[in-house]
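The values are calculated or read from the model by the stated rules, or taken from the named source; none is laboratory data. Just so it is clear, the structure is predicted and the values come from calculations on it, not from any experiment. Cβ sites come from the backbone with ideal geometry, for glycine too, and all protein chains shown count toward neighbours. Accessible surface is based on the protein model in full, side chains and every heavy atom, while ligands, DNA and RNA are left aside. Shrake-Rupley method; radii C 1.70, N 1.55, O 1.52, S 1.80 Å.
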Amino acid sequence: MTKIFRFGVIGCGLMGREFASAAARWLHLADVKARPEIVAVCDTNATLLDWFRDHVPTVRQFTADYSELLANPEVDAVYCAVPHVLHQQFYIDILKAGKHLLGEKPFGMDATQNREIMAVLAEHPELLVRCSSEMPFFPGAQKVIALAKSGEMGDILEVEAGFLHSSDIDRQKPINWKRMAEINGDYGCMGDLGMHVLHVPLRLGWRPTTLHAQLVKKVTERPDGKGGMLPCTTWDNATISSRVHTGDQDFPMVLKTWRIAPGESNSWYIRVLGMKKSAFFSTKSPRQWQWMDYNGGAQAWSTEDLGYGSLFPCITGKIFEFGFADAIQQMWAAFVDELAGGNANGFGCATPAEAQAHHAVLTAALKSGREDVVVPVAYDGASV
């Protein structure tokens, strides 16, 4: 019989509703050990609570006070999707309440807040805690990861990973909290997008040792929605050029977190160039991945249509296409599988240790960008 884990959702905005959609479609997954059931939701916006009333019949608790949700004995685990400035207090309270947690990136507004979360987490080894990062669950991304793990690529020449938005090129786009450093954090675009970009490199053991960052702030103010203008105090774009040393590899790695990327629309990609094999995947072509073998002859890229070959098998046939909502459901399947004692079919969600390591990279990048210097990355004991 399928085990049920009862979830509370704190933060019922876009991603909270995406989780609800993934949970409602759980029958789409084949042969899973467990499933989530959303029983409690919390948000200060009554309209968002009404959305859950209308669409999620399993919810029995609606509250604007997250402490009431945490006191609910029916809640086994929590998905928390709140602005960065709230991560430290909310995540710590969730852990102290004894609830399993899938939190949003960056898992603390800065490295100091992240350390506070990690200290409390160390006191609760019985809890499963993970960080949201859905893009590596695309089938094409999994192909690149598998090839990189195989050791068949030979000496790595370069790795590039990025997450590119385009909407912020519109100077008339109304401001929101992600453009306010006091709520988003000083990382700016890096805090919101950095875990997406670093999830795969950190999982593969590719940790930058030194880096130089170019931070860009092109839009200094935006409409406030009331006829006035407010200052934008966060970075729009970041390009991080880093160097990676592993036991037998030494190569450059470029990381891009851009909110102003002309022509892009939430495009995530990973490119690994090796002396023997190379690989590339982008969500712009979600059903394809590319690779190149080099054995001394012609240098030619091959392209394969993958269809719906997901990490967790589904009822959808492999000839059909895979999309963003599918990647979110696959991420949740990995989390729930771990809750049930599984191994997430070999690729779990981003771990707290990986989130801590990504804070080390972003902290160094912030210093580098501000001072225009090469900075060593201090991982403060983070292990991945």
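Anything in region 119-133 that is in contact with a Phe, Trp or Tyr (Cβ under 9 Å, 6 or more places away or on another chain), open to solvent by 10 Å² or more (accessible area, probe 1.4 Å) and not in a strand (DSSP E or B)? List them, or say none.
The initial filter retains those residues of region 119-133 that are in contact with a Phe, Trp or Tyr (Cβ under 9 Å, 6 or more places away or on another chain), namely 120-121, 128-132.
Add one more test, that the residue is open to solvent by 10 Å² or more (accessible area, probe 1.4 Å), and what stays is 120-121, 128, 130.
Those that are in contact with a Phe, Trp or Tyr (Cβ under 9 Å, 6 or more places away or on another chain), open to solvent by 10 Å² or more (accessible area, probe 1.4 Å) and not in a strand (DSSP E or B): Val120, Leu121, Leu128.
Number of residues in region 95-125 that are out of contact with any His (no Cβ under 9 Å at 6 or more places or on another chain) and either in the same structural domain as Leu366 (by the TED database) or farther than 11 Å from His359 by Cβ (or both) equals 13. Taking region 225-259 on its own, how many of its residues are of a type in the set (A, V, I, L, M, F, W, C) and under 22 Å from the mean Cα position of the chain (by Cα)? Qualifying residue count for the region: 8.
The set of residues in region 67-90 that are under 22 Å from Glu37 (Cβ atoms), open to solvent by less than 40 Å² (accessible area, probe 1.4 Å) and assigned to a helix (DSSP H, G or I) comprises Leu69, Leu70, Phe90.
Here is a check on your reading of the model: is Phe251 open to solvent by less than 30 Å² (accessible area, probe 1.4 Å), within 21 Å of Val375 (Cβ to Cβ) and in contact (Cβ under 8 Å) with a residue 40 or more places away in the chain?
Numbers: open to solvent by less than 30 Å² (accessible area, probe 1.4 Å): yes; within 21 Å of Val375 (Cβ to Cβ): yes; in contact (Cβ under 8 Å) with a residue 40 or more places away in the chain: yes.
In short, yes.
Test Ile260 against the stated conditions and say whether it is on the phi < 0 side of the Ramachandran plot, assigned by the TED database to the domain that holds Ala365, touching a His at 6+ places or on another chain (Cβ under 9 Å) and open to solvent by less than 40 Å² (accessible area, probe 1.4 Å). Yes: the conditions hold for Ile260. Evaluating Ala327 against the criteria (1) more than 17 Å from the chain's Cα centre (by Cα); (2) open to solvent by less than 50 Å² (accessible area, probe 1.4 Å) leaves one unmet condition, (1). Quick check: anything in region 313-321 outside any loop (DSSP other than H, G, I, E, B), touching a residue at least 40 places away in the same chain (Cβ under 8 Å) and surrounded by 19 or more Cβ atoms within 10 Å (Cβ to Cβ)? Yes - at least one qualifying residue is present in region 313-321.
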